[in-house]
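Since the structure comes first, as structure tokens, the remarks are kept for the end.
The values are calculated or read from the model by the stated rules, or taken from the named source; none is laboratory data. All of these numbers come straight from a predicted model, not from anything done at the bench. Cβ placement follows ideal geometry from the backbone for every residue including glycine, while neighbour counts extend to all protein chains displayed.
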Amino acid sequence: MNVEALEARIKALEKRLEVVEDIEAIKKLQKAYGYYVEHMMYQEIIDCFSDSPEVCLNWLEGQYRGKEGVRKYFEFMKSAPPDFMHQVMQIAGIVDVNPDGKTARGRWYAFGGIFIPGEGDVRRSFVSGIYENGYVKEDGIWKILSIKWVIPYAVRIAEEWAMPEDVNRPYLAGQFRGPTPDIAIDKDDLRYVSGYIFPFHYTHPVTGRPTSEGERNVTIDWEKHKQDWRS
């Protein structure tokens with residue numbers, strides 16, 4: 001293989017590596033978005049999106065345009081109560097980077113449980129959704145440009161499902177019948193409380209800043225939950 005052919009081969013491999021790295025960055029961005037939506041972490045969600053006027057949320061009820069449209073939509077969910085849950089897992093992702101290396105498309109299943117408390121009522125369901133998304137690379141960082149969303153089916157749940165307080169009540173009451181833990185349960189651990197956001201080990205994939213779960217977690221009314229467990 002002569003020098004020219006070797007150089008061409010190296011450039012081709014470098015290009016393939018760049019595409020692989022782009023795909024992995026987009027997958028991380030999309031999955032991070034899903035974690036932020038679970039607890040409606042407002043600022044983290046907004047930061048996932050491009051500043052381009054082409055940004056579009058194409059929801060079932062209509063479209064929200066530009067980053068201000070994204071803000072308007074998620075502002076509506078910003079004050080969700082602690083026992084709100086909107087877990088839509090970002091799975092089976094297929095990402096294609098366009099030849100320009102600056103834009104990409106992705107398709108994802110978003111399946112999970114939704115628990116929305118209201119005045120005297122709670123809406124519970126499992127939802128299967130599909131995303132067709134657009135992405136754009138700005139200053140070397142991938143961001144969401146568009147989301148188009150469809151729900152093939154949903155399952156309404158008539159009975160209550162167990163929240164963290166219910167799931168963990170036997171452990172807190174000393175009713176666990178398995179092997180004795182090496183370190184006893186910490187009854188002040190917020191993992192046992194509705195609204196707790198399990199800390200992220202990574203910074204925001206767009207801004208590089210730490211996320212706000214710590215600020216949210218300290219607002220949980222821990223004493224109220226202790227009273228609930230005693231009852």
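Against the conditions (1) touching a strand residue (DSSP E or B) at 6+ places or on another chain (Cβ under 9 Å); (2) under 17 Å from ILE197 (Cβ atoms); (3) loosely packed, with under 13 Cβ neighbours inside 10 Å; (4) not β-branched (Val, Ile, Thr), SER79 satisfies every one except (1).
Scanning the stretch 144-183 for residues that are assigned to a helix (DSSP H, G or I), over 21 Å from the mean Cα position of the chain (by Cα) and closer than 30 Å to GLY129 by Cβ returns GLU165, ASP166, VAL167, ASN168.
Inside the stretch 35-62, can you point out the residues that are surrounded by 15 or more Cβ atoms within 10 Å (Cβ to Cβ), among the hydrophobic types (A, V, I, L, M, F, W, C) and over 17 Å from PHE200 (Cα atoms)? Within the stretch 35-62, ILE46, PHE49, VAL55, CYS56, LEU57 meet the criteria.
Matching residues to (1) in a helix (DSSP H, G or I); (2) more than 20 Å from ASP139 (Cα to Cα); (3) at pLDDT 95 or above:
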| position | (1), (2), (3) |
| --- | --- |
| LYS15 | yes, no, no |
| LYS27 | yes, no, yes |
| LYS31 | yes, yes, yes |
| GLU44 | yes, no, yes |
| LYS67 | yes, no, no |
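Only residues that are farther than 22 Å from ILE114 by Cβ, aliphatic (A, V, I, L, M) and either modelled with pLDDT under 90 or more than 16 Å from the chain's Cα centre (by Cα) (or both) were counted across the stretch 191-231, and they come to 1. ALA110 meets all of the listed conditions (1) closer than 18 Å to TRP149 by Cβ; (2) at pLDDT below 90; (3) part of a strand (DSSP E or B) but one, namely (2).
Would you pick out the residues in the stretch 104-137 that are among the hydroxyl-bearing types (Ser, Thr, Tyr) and surrounded by 15 or more Cβ atoms within 10 Å (Cβ to Cβ)?
Applying the first criterion (among the hydroxyl-bearing types (Ser, Thr, Tyr)) to the stretch 104-137 yields 109, 125, 128, 131, 135.
Correct list: TYR109, SER128, TYR131, TYR135.
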